[in-house]
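> Please see the structure below; I have some questions.
The values are calculated or read from the model by the stated rules, or taken from the named source; none is laboratory data. Since we're looking at a predicted model, the values are computed, not measured. Quick reminder, even Gly has a Cβ in these numbers, built from the backbone with ideal geometry, and neighbours come from all protein chains shown.
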Amino acid sequence: MPYTLLAGGYRSSIAALAFDPAAGTLTKVSDAHTPINPSWLEHAPAKNTFYAVSEDETNGTVFSAVVNDDGVQVTSERKTHGGPCHVHVNKDGSGIVVANYVGGSVLHIPTNADGTLSTTSESPVLSLPFPYENSPKPNPARQDAPHAHQVLEGENGLLYVFDLGSDRIYHVIRQGESGLKVVDWNQCAPGFGPRHGVVSHDGKLLYVLGELGHAVTAFDIPSTHDYHPVFAPVGIIPPSVPEGYSGSMDAAEITLHPNDPRTLYVSNRLELDASKANPTLPPIQERQVGDAVAVLRLKANGKGVESVSFVRTNCDTIRAFQISADGKYAAVAGQQNELVEVYEIGGDKHDQWKLVAAAPVDRVTDFIWL
Ligand SMILES: O=C1O[C@H](COP(=O)(O)O)[C@@H](O)[C@H](O)[C@H]1O
């Protein structure tokens, strides 16, 4: 059965790609104009409807869109009052919450029954606290201010807001129709830079990816700022990167296999630029063809990592990868080399990926599988 993928990124359109597993083909069927830099996409409850941020450091927006045979059509758009990088869709279908990386804030916008964004209502912008305001920043270049990077929903509407700038995952609740309030947080190690996370299948653990720490850790659910991680950070840099080069790499995406609570995938970025970014170190001799996805095999109780292996792709700078809902395929994009690849996921631990289709698409930073 053919699959459809939508690909957004640092471009001014969203591409619809048809993936036919039987034929081994990935074909661009449309590429419809949208607001600039549709860099993150999320499904809406209504079929063939989705939301995306339009990433701009000062004039960011979020928009709703539908997709049909003619491609993507934008149906509504709102300002986010910051530079957005992620949009979350409330589980109860009541609205969306945007994470503004630039501005370090979150904003709730209710949605209408047809999936469009309300034009009359939104929460006040919730600016995240900044614990490093009057103290040395662990990573001054990246932690100059709060930087909200993802909003993830747990149970009972609790929102986890990953703040790369503050080394915290804020716990945020909704108040009234659309207010937002910080009620607690999980504290990561200084300089960890929490970017994205995922809740374990049983809902008991929050796995957290540190973009700046190049590692994964986890917190109990529920837990408060007094809790320590349930395991120390486990690195995700491939062995092909010699000691000392990791500082110029940025981890990006984390996801669990949908049918296997013990297999966690994490993407690396910028391995191909590592020599250029570290001119004082001896150049890396063995040049890779693309970045690697780390496969973390979790312990049976989820509270530790048994092993880390790597899948080598041909994609340069993997900001985007998404697993199909049936768990059979991984779509991976190279933001810098204009390449989208689809891998078939095999092996009893879902750690064997076989390249089955590819297509050129420029500057892709996120997908959704329809
Ligand atoms: O510095 C910035 O980084 C963020 C995040 O980019 P990413 O590639 O690490 O996801 C971006 O949203 C923002 O526009 C930019 O100023």
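> How many of the residues in the stretch 247-276 are within 16 Å of the ligand (Cβ to nearest atom) and either of a type outside the set (G, A, S) or within 22 Å of V332 (Cβ to Cβ) (or both)?
Matching residues across the stretch 247-276 total 16.
> Quick check on S127: is it away from the ligand (no atom under 13 Å from the Cβ), of a type outside the set (F, W, Y) and under 27 Å from V183 (Cα atoms)?
Values: away from the ligand (no atom under 13 Å from the Cβ): yes; of a type outside the set (F, W, Y): yes; under 27 Å from V183 (Cα atoms): yes.
In short, yes.
> Given the conditions (1) in contact (Cβ under 8 Å) with a residue 40 or more places away in the chain; (2) under 17 Å from L298 (Cβ atoms); (3) over 16 Å from the mean Cα position of the chain (by Cα), report the number of the one that Y227 does not fulfil.
For Y227, the exception is condition (2).
> While we're on this one: Every residue in the stretch 55-69 that is without any contact (Cβ under 8 Å) to a residue 40 or more places away in the chain and closer than 20 Å to L370 by Cα, please.
N68, D69
> Restricting to the stretch 65-76, name every residue that is small (G, A, S) and surrounded by fewer than 24 Cβ atoms within 10 Å (Cβ to Cβ).
Selection gives G71, S76.
> Which residue is farthest from L5 (Cα to Cα), if the candidates are limited to the stretch 34-57 and must be among the hydrophobic types (A, V, I, L, M, F, W, C) and within 12 Å of the ligand (Cβ to nearest atom)? Quick ask: steps written out before the conclusion?
Just the residues of the stretch 34-57 that are among the hydrophobic types (A, V, I, L, M, F, W, C), to begin with: 36, 40-41, 44, 46, 50, 52-53.
Filter again for within 12 Å of the ligand (Cβ to nearest atom), leaving 36, 40, 53.
On the way: I36: 19, W40: 13, V53: 17 Å.
So the residue we want is I36.
> Ok, one more. Name the single residue, out of those in the stretch 333-343 being part of a strand (DSSP E or B) and within 16 Å of the ligand (Cβ to nearest atom), that is surrounded by the fewest Cβ atoms within 10 Å (Cβ to Cβ).
Only one residue tops the list, namely G334.
> A320 versus (1) surrounded by fewer than 19 Cβ atoms within 10 Å (Cβ to Cβ); (2) over 26 Å from D220 (Cα atoms); (3) small (G, A, S): which is the lone unmet condition?
(1)
> Select, from G93, G9, G104, the only residue that is touching a His at 6+ places or on another chain (Cβ under 9 Å) and of a type outside the set (D, E, K, R).
G104
> While we're on this one: Might you let me know whether the stretch 344-354 holds any residue that is more than 16 Å from the ligand (Cβ to nearest atom), on the phi > 0 side of the Ramachandran plot and without any contact (Cβ under 8 Å) to a residue 40 or more places away in the chain? Working first, answer last.
Here is the first cut: in the stretch 344-354, the ones more than 16 Å from the ligand (Cβ to nearest atom) are 344-354.
Subset that is on the phi > 0 side of the Ramachandran plot: 347, 350.
Still in the list and also without any contact (Cβ under 8 Å) to a residue 40 or more places away in the chain: 347.
Yes, the stretch 344-354 has at least one match.
> Within the stretch 238-266, which residues are of a type outside the set (D, E, K, R) and free of Cβ contacts under 8 Å to residues at least 40 places away in the same chain?
G244, Y245, S246, G247, S248, M249
> Give the stretch 195-212 a look and list any residue that's of a type outside the set (A, V, I, L, M), away from the ligand (no atom under 14 Å from the Cβ) and touching a Leu at 6+ places or on another chain (Cβ under 9 Å), or say none.
Within the stretch 195-212, G197, S200, H201, Y207 meet the criteria.
> List every residue pair whose Cβ atoms lie under 7 Å apart, where the two residues are 6 or more positions apart in sequence or sit on different chains, the first residue falls within the stretch 73-89 and is among the acidic types (D, E), and the second residue, located anywhere, is part of a strand (DSSP E or B) and within 15 Å of the ligand (Cβ to nearest atom).
Within 7 Å, the pairs are E77/T61.
> Starting from the stretch 320-340, keep only residues that are without any contact (Cβ under 8 Å) to a residue 40 or more places away in the chain, then list their pairs with residues that are among the acidic types (D, E) and assigned to a loop (DSSP other than H, G, I, E, B) whose Cβ atoms are within a distance under 6 Å, requiring at least 6 positions of separation or different chains.
Between residues of the stretch 320-340 that are without any contact (Cβ under 8 Å) to a residue 40 or more places away in the chain and residues that are among the acidic types (D, E) and assigned to a loop (DSSP other than H, G, I, E, B), the close pairs are E338/D362.
> Here is a further query. Which members of the stretch 90-106 meet the condition of being in contact (Cβ under 8 Å) with a residue 60 or more places away in the chain and away from the ligand (no atom under 15 Å from the Cβ)?
Listed by number, the residues that qualify are N90, K91, D92, G95, V97.
> Okay, moving on. Which residues, taken from the stretch 58-89, are touching a His at 6+ places or on another chain (Cβ under 8 Å) and more than 16 Å from the ligand (Cβ to nearest atom)?
V89
> Let me ask you something else. Would you confirm, using the coordinates I've provided, whether L256 is closer than 30 Å to S200 by Cβ, aliphatic (A, V, I, L, M), in contact with a His (Cβ under 8 Å, 6 or more places away or on another chain) and surrounded by 18 or more Cβ atoms within 10 Å (Cβ to Cβ)?
Here the answer is yes, as L256 does meet what is asked.
> Pairs, please: C-beta under 8 Å, at least 6 apart or cross-chain, first residue closer than 13 Å to A333 by Cα and part of a loop (DSSP other than H, G, I, E, B) and in the stretch 1-20, second of a type in the set (S, T, N, Q) and modelled with pLDDT of 95 or more?
From the stretch 1-20, the pairs are Y10/N37; Y10/S39; Y10/Q335; Y10/T365.
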